[in-house]
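Trainee: Take this structure, written in structure tokens, and hold onto it; I'll ask about it next.
The values are calculated or read from the model by the stated rules, or taken from the named source; none is laboratory data. What you see is a predicted model, and the numbers here were worked out from it, not measured in a lab. Note that we place each Cβ from the backbone using ideal geometry, even for glycine, and neighbour counts take in every protein chain shown.
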Amino acid sequence: MSSENGQADGDARDAPPEQLALIRETVRAARVPRAKPRTWRGAALAGELPVARVLVDKGVLHLDRYFDYAVPEELDADAQPGVRVRVRFGAGRHRVRDGRREGGGLIDGFLVERRAESDYSGPLAALAQVVSPEPVLSEELLGLARAVADRYAGSVADVLQLAVPPRNARAEKRPSPDPLPPPEAPEPASWARYEQGPGFLRALAAGGAPRAVWNALPGPEWSEELARAVAATLSSGRGALVVLPDGRAVARLDAALTALLGDGRHAVLTADAGPEKRYARWLAVRRGAVRAVIGTRAAMFAPVAGLGLVALWDDGDDSHSEPHAPQPHAREVLLLRAAQHGCGFLLGSRSCTVEAAQLVETGWAGPLVAGRDRTRSAAPLVRTVGDTDLARDEAARAARLPTLAWQAAREGLRHGPVLVQVPRRGYVPRMACATCRAPARCRHCSGPLEAPGSGDLRCGWCGREESGWHCPECGGFRLRAQVVGARRTAEELGRAFPAVPVRTSGREQVLDTVPGSPALVVSTPGAEPVAEGGYAAALLLDGWAMVNRPDLRAGEDALRRWIGAAALVRPQSAGGTVVVVAEPTLRPVQALVRWDPVGHALRELSERAELGFPPVSRMAAVAGPPEAVTAFLSGVGLPAEAEVLGPVPLPVTPPGRPRRPGAPPPGEQWERALIRVPPGRGAALARALKTAQAARTARTGADPVWVRIDPPDIG
């Protein structure tokens, strides 16, 4: 023993008891140097940077970190940052080879970084395989994934499952096309209809980063206008990304871009393309061969090189909210990308959400709107039928079509197709007793009875057919329709207009376009086809079913769906008329009559600010079994400003019905609590929830607790 170590041991004997453990640990650290990277099997290591930092494909929060592995010499050339690898992970399925125990099953991961040494002092497991030498994870994409995971209290691995498509070997072997030179800057064309439109395009073409909330005018020109914004960005030598709500919108923008720029300048990323074609297109974007991307929700993570513009169309559509963990919204992801890259931002819609209005109110983005005179000239005439009118209307009491709506449909059919929007699909989704109006329930599970056809009756929960029903309240045997679906409406309209063809568009079959000849087109909200030359008239039926939902966004969502249908109608100067069957005094109805979605959103934002509702405040939902929710709330370290609302019981999921994210399993009773924090404390709330959830998932046997930041439905 050296004199220095002997002196240290003597000092340790004379030290106070509370310092003894600290001194011994210090001496032990001085005697034992950090181990060099080595593998369990003693394989030869890479000569330089022998440590690989790997992000394993494990979505559990307590494993949301990097793990170090040794790089064997044989994998040195291919094991580069960004490639897919396979590693042994976990303590299960151990095996013995060459007298040594090797453990863990093989799982996928991404090689994030090569290092000279590891912070871990023990032996490192070696990389088992480099799946492909193609680097698919860039530093920018990894940084975005980390930002999204922190924003939504999730794991980076879960975000990367959404961001990086599965590998396809055949697509990977094919070379990507050579990049095309930048196109010429486009003319403003229909952008001249907006007061700030030409300036927005010029700023993009000059390499600037304008940020705007765009309230698009009625009509089909929105796809051409989006295409010109993409072309202006490409002309500056930068890339562009546009996210749209569905495949029909993607197809329209695809056609507009092809007509404006030709083939080969943009890639379409949708699930309909198939795994091989979609991965080949994604690789072309990753390799820099294509600088413009359009697609549905998953395209929000597309690795566009030199990003100059991110755009989102119709941010109020439900399809922009990802159902898989950590359930990010495309609008928030694109806002993060705009902030990280300092690029342009365009949030477009015919309507206006409260979140979009907040971006303008805070000054983060500017308004991109048309003048009132131009808006009135482009919009159709909107007329209303309220409850008082229905009570006095003999035709409305005998049928579902009020006299004003019937007259508008008859007049419209003389000049072209007529759109009929019905808020519910099916035939008769809800039934009630014709005598006492009590809801008709199943005798087996108490689920609601529905009529899928003209002569059928079955339970909407368990699917059992019902025969010989009688009302348990009054003993009646006759049923009436509480809610009438799209197919029943089409049947009734076919009898009212026997010489006119009736087409339906809904969940079973969604039409993209219809001819400009006279016809009745019955559609559910969001499935309205585009008519050649525009519809001559539109009937928006059963407005009460959309406005009276017990949800904070009921009015905003009803107005968005009404405007989406009314925007397909010809302008008032060409005879276009819209009849909405809803109480005229309601705020969304008044906003539709004035065609003022921005004013409606600003008023909603003002009221939510007074009440502390989102998006002014940040909110999170915690759901699960009652005991688990109580234990989670008692253990989480919430910010001091946090306010816990609840918990309250959640509706039980009916047997046989698909389980929504955050809903209890069929037959189980769950509770949900809402946590609200003031502006500026959202990041602290997300960190606290993520820490508590990570600690909970690390414990085996704990009941599941579902956590979601920014829940879409809060009642």
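Trainee: Quick test for you: out of GLU221, GLU225, pick the one residue that is of a type in the set (D, E, K, R), crowded, with 21+ Cβ neighbours inside 10 Å and closer than 25 Å to THR375 by Cα.
Mentor: Criteria check complete, one pass: GLU225.
Trainee: Then there's this: Would you confirm, using the coordinates I've provided, whether ALA330 is within 26 Å of PRO525 (Cβ to Cβ) and touching a helix residue (DSSP H, G or I) at 6+ places or on another chain (Cβ under 6 Å)?
Mentor: So ALA330 passes the test.
Trainee: For ARG587, indicate whether it is in the same structural domain as ALA531 (by TED's automatic domain parsing), modelled with pLDDT of 90 or more and out of contact with any His (no Cβ under 7 Å at 6 or more places or on another chain).
Mentor: For ARG587, the condition - in the same structural domain as ALA531 (by TED's automatic domain parsing), modelled with pLDDT of 90 or more and out of contact with any His (no Cβ under 7 Å at 6 or more places or on another chain) - is not met.
Let's see how each residue does on (1) in contact with a Gly (Cβ under 7 Å, 6 or more places away or on another chain); (2) small (Gly, Ala, Ser); (3) buried (at least 19 other Cβ atoms within 10 Å of the Cβ):
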{"residue": "GLY274", "(1), (2), (3)": "no, yes, no"}
{"residue": "LEU309", "(1), (2), (3)": "yes, no, yes"}
{"residue": "SER319", "(1), (2), (3)": "no, yes, no"}
{"residue": "HIS324", "(1), (2), (3)": "no, no, no"}
{"residue": "ALA330", "(1), (2), (3)": "no, yes, yes"}
{"residue": "ARG337", "(1), (2), (3)": "no, no, yes"}
{"residue": "GLY342", "(1), (2), (3)": "no, yes, no"}
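Residues are listed down the side, and each one gets a yes or a no for (1) charged (D, E, K, R); (2) under 18 Å from VAL500 (Cβ atoms); (3) modelled with pLDDT under 85; (4) surrounded by fewer than 16 Cβ atoms within 10 Å (Cβ to Cβ):
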{"site": "GLN358", "(1), (2), (3), (4)": "no, no, no, no"}
{"site": "TRP364", "(1), (2), (3), (4)": "no, no, no, yes"}
{"site": "ALA396", "(1), (2), (3), (4)": "no, no, yes, no"}
{"site": "LEU404", "(1), (2), (3), (4)": "no, no, no, no"}
{"site": "GLU411", "(1), (2), (3), (4)": "yes, yes, no, yes"}
{"site": "HIS415", "(1), (2), (3), (4)": "no, yes, no, no"}
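Trainee: Okay, moving on. Only one of (1) surrounded by fewer than 23 Cβ atoms within 10 Å (Cβ to Cβ); (2) farther than 19 Å from GLY526 by Cβ; (3) in the same structural domain as VAL422 (by TED's automatic domain parsing); (4) not acidic (Asp, Glu) is not met by GLY555, so which one is it?
Mentor: The single condition GLY555 does not satisfy is (2).
Trainee: Six or more apart or on different chains, Cβ under 9 Å: which pairs go from a residue in region 56-79 that's of a type in the set (Val, Ile, Thr) to one that's part of a loop (DSSP other than H, G, I, E, B) and modelled with pLDDT under 85? Could you list them?
Mentor: VAL60/ALA698; VAL71/PRO37; VAL71/ALA46
Trainee: The conditions are (1) over 21 Å from HIS324 (Cβ atoms); (2) among the charged types (D, E, K, R); (3) not in a strand (DSSP E or B), and ARG696 fails exactly one of them. Which is it?
Mentor: Condition not satisfied by ARG696: (1).
Trainee: Just wondering, is there one or more residues in region 71-94 that are over 47 Å from the mean Cα position of the chain (by Cα), at pLDDT below 50 and surrounded by fewer than 19 Cβ atoms within 10 Å (Cβ to Cβ)?
Mentor: No, region 71-94 has no match at all.
Trainee: Please determine, by comparing only the residues of region 271-309 that are in contact with a Leu (Cβ under 9 Å, 6 or more places away or on another chain) and free of Cβ contacts under 8 Å to residues at least 40 places away in the same chain, which one is farthest from VAL250 (Cα to Cα).
Mentor: VAL285
Trainee: Quick check on GLU172: is it modelled with pLDDT of 95 or more, of a type outside the set (A, V, I, L, M, F, W, C) and part of a helix (DSSP H, G or I)?
Mentor: Taking the combined requirement at face value, the residue does not satisfy it.
Trainee: Mind telling me which of the residues GLY208, GLY219, GLY154 ends up being in contact with a strand residue (DSSP E or B) (Cβ under 9 Å, 6 or more places away or on another chain), touching a residue at least 60 places away in the same chain (Cβ under 8 Å) and assigned by TED's automatic domain parsing to the domain that holds TYR279?
Mentor: After applying the criteria, what remains is GLY208.
Trainee: Now for a separate question. Within region 236-266, work out how many residues are buried (at least 23 other Cβ atoms within 10 Å of the Cβ) and assigned to a helix (DSSP H, G or I).
Mentor: So the count comes out to 3.
Trainee: Let me ask you something else. Count, please, the residues in region 528-560 that happen to be outside any loop (DSSP other than H, G, I, E, B), in contact (Cβ under 8 Å) with a residue 40 or more places away in the chain and among the small types (Gly, Ala, Ser).
Mentor: Matching residues across region 528-560 total 5.
Trainee: Taking the conditions exactly as written (surrounded by fewer than 18 Cβ atoms within 10 Å (Cβ to Cβ) and either among the hydroxyl-bearing types (Ser, Thr, Tyr) or on the phi > 0 side of the Ramachandran plot (or both)), does SER617 satisfy them or not?
Mentor: For SER617, the condition - surrounded by fewer than 18 Cβ atoms within 10 Å (Cβ to Cβ) and either among the hydroxyl-bearing types (Ser, Thr, Tyr) or on the phi > 0 side of the Ramachandran plot (or both) - is not met.
Trainee: Still on this model: I need the full set of residues from region 593-639 which are part of a helix (DSSP H, G or I), more than 21 Å from ALA216 (Cβ to Cβ), of a type outside the set (A, V, I, L, M) and without any contact (Cβ under 8 Å) to a residue 60 or more places away in the chain, in order please.
Mentor: Listed by number, the residues that qualify are SER606, GLU607, GLU610, PRO626, THR630, SER634.
Trainee: Output the residues belonging to region 267-305 that are β-branched (Val, Ile, Thr), closer than 20 Å to ALA232 by Cβ, part of a loop (DSSP other than H, G, I, E, B) and in contact with a Pro (Cβ under 8 Å, 6 or more places away or on another chain).
Mentor: VAL290
Trainee: Further, regarding this structure: Name, by its number, the condition in (1) in contact with a His (Cβ under 9 Å, 6 or more places away or on another chain); (2) over 26 Å from GLY599 (Cα atoms) that does not hold for LEU559.
Mentor: (2)
Trainee: Name the single residue that is farthest from ALA229 (Cα to Cα) among those in region 169-179 being within 32 Å of the chain's Cα centre (by Cα) and either touching a residue at least 60 places away in the same chain (Cβ under 8 Å) or crowded, with 16+ Cβ neighbours inside 10 Å (or both).
Mentor: Per the criteria, the residue is ARG170.
Trainee: Quick check on ALA145: is it under 17 Å from the mean Cα position of the chain (by Cα), within 16 Å of VAL304 (Cα to Cα), assigned to a helix (DSSP H, G or I) and among the hydrophobic types (A, V, I, L, M, F, W, C)?
Mentor: yes
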